[in-house]
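The values are calculated or read from the model by the stated rules, or taken from the named source; none is laboratory data. Owing to the predicted nature of the structure, the values given are computational and were not obtained by experimental measurement. Counting neighbours? That spans all protein chains shown, and the Cβs are built from the backbone with ideal geometry, glycine included. These accessible areas exclude ligands, DNA and RNA; they are computed on the full protein's heavy atoms, side chains included. Shrake-Rupley method; radii C 1.70, N 1.55, O 1.52, S 1.80 Å.
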Amino acid sequence: MQNRLLEIIETSNKKSDVPDFRIGDTIDVHQKLLDGQKERTQVFSGTVIARSGTGVREMVTVRHLVQGEGVERIFPIHSPRIAKIEIKKAGMVRRAKLYYLRKRVGKKTKIKNDVKRQGVIDKALKAAAEAGTRAAQDAAAKTKAEGGTSKRSAKKALKAAEAATKKK
């Protein structure tokens, strides 16, 4: 009884847009941060060295080097603070955990490329970029058809009006 209730709650909190990334992949994790009143996103790029947990409690450990010093962060995949996860490069490894990378420096930390999966990732990134440009073009056409102005042109007009009032 209790397990079914937990499953229902967990499935409602699970993200559906999590990409299929594996151990050894290089990913970008876009994390939402609060700076006073503003919310911004910060990107953490690195290699996935471990995944643990299942369902909503799934975590991923990402490692990258900063000025010769290794930095590891553990992210909950389904957290509302994670804006998105992007796969940059597919890696091919034969281990479930890459903790041995902690002891290595420089070229010894290289991971083989998974060429087959990289082709699929490149196609998906290209399709997403095309969809984004298409959506932007549609939005611009819609505002133009309605007789409205875009944010950029409205900002330019506002600056021109301010400059004209300053001259007077």
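All but one of (1) part of a strand (DSSP E or B); (2) under 23 Å from K110 (Cβ atoms); (3) more than 16 Å from the chain's Cα centre (by Cα) hold for G24, so report the exception by its number.
Unmet condition: (1).
Residues being more than 21 Å from V60 (Cβ to Cβ) and open to solvent by 80 Å² or more (accessible area, probe 1.4 Å): count how many of those fall in segment 104-121. Give the derivation first.
So the first thing to find is which residues in segment 104-121 are more than 21 Å from V60 (Cβ to Cβ), and the list is 105-108, 115-116, 119.
This time we only want the ones that are open to solvent by 80 Å² or more (accessible area, probe 1.4 Å), so: 105, 107-108, 115-116.
Within segment 104-121, residues that are more than 21 Å from V60 (Cβ to Cβ) and open to solvent by 80 Å² or more (accessible area, probe 1.4 Å) number 5.
Within segment 44-114, which strands (runs of 3 or more DSSP E) (wholly inside it) include 1 or more residues that are of a type in the set (F, W, Y), touching a strand residue (DSSP E or B) at 6+ places or on another chain (Cβ under 6 Å) and in contact (Cβ under 8 Å) with a residue 24 or more places away in the chain?
Numbers: elements: 59-66, 69-76, 82-89.
It comes to 69-76.
Answer yes or no as to whether G147 is open to solvent by less than 100 Å² (accessible area, probe 1.4 Å) and either aromatic (F, W, Y) or in a loop (DSSP other than H, G, I, E, B) (or both).
yes
For segment 10-21, how many residues are surrounded by 11 or more Cβ atoms within 10 Å (Cβ to Cβ) and not in a loop (DSSP other than H, G, I, E, B)?
Looking only at that region, the number is 2.
Would you please list the contacts, defined by Cβ atoms under 9 Å and residues six or more apart or on different chains, that run from a residue in segment 123-139 that is at positive phi and open to solvent by less than 100 Å² (accessible area, probe 1.4 Å) to a residue that is modelled with pLDDT of 90 or more and of a type in the set (A, V, I, L, M, F, W, C)?
Here the result reads none, with nothing in segment 123-139 linked to a residue that is modelled with pLDDT of 90 or more and of a type in the set (A, V, I, L, M, F, W, C).
Please determine, by comparing only the residues of segment 23-42 that are charged (D, E, K, R) and open to solvent by 70 Å² or more (accessible area, probe 1.4 Å), which one is farthest from V60 (Cα to Cα).
Of everything passing the filter in segment 23-42, K38 is farthest from V60 (Cα to Cα).
Which number in (1) part of a helix (DSSP H, G or I); (2) farther than 30 Å from G24 by Cα marks the one condition that V120 misses?
Status for V120: all satisfied but (2).
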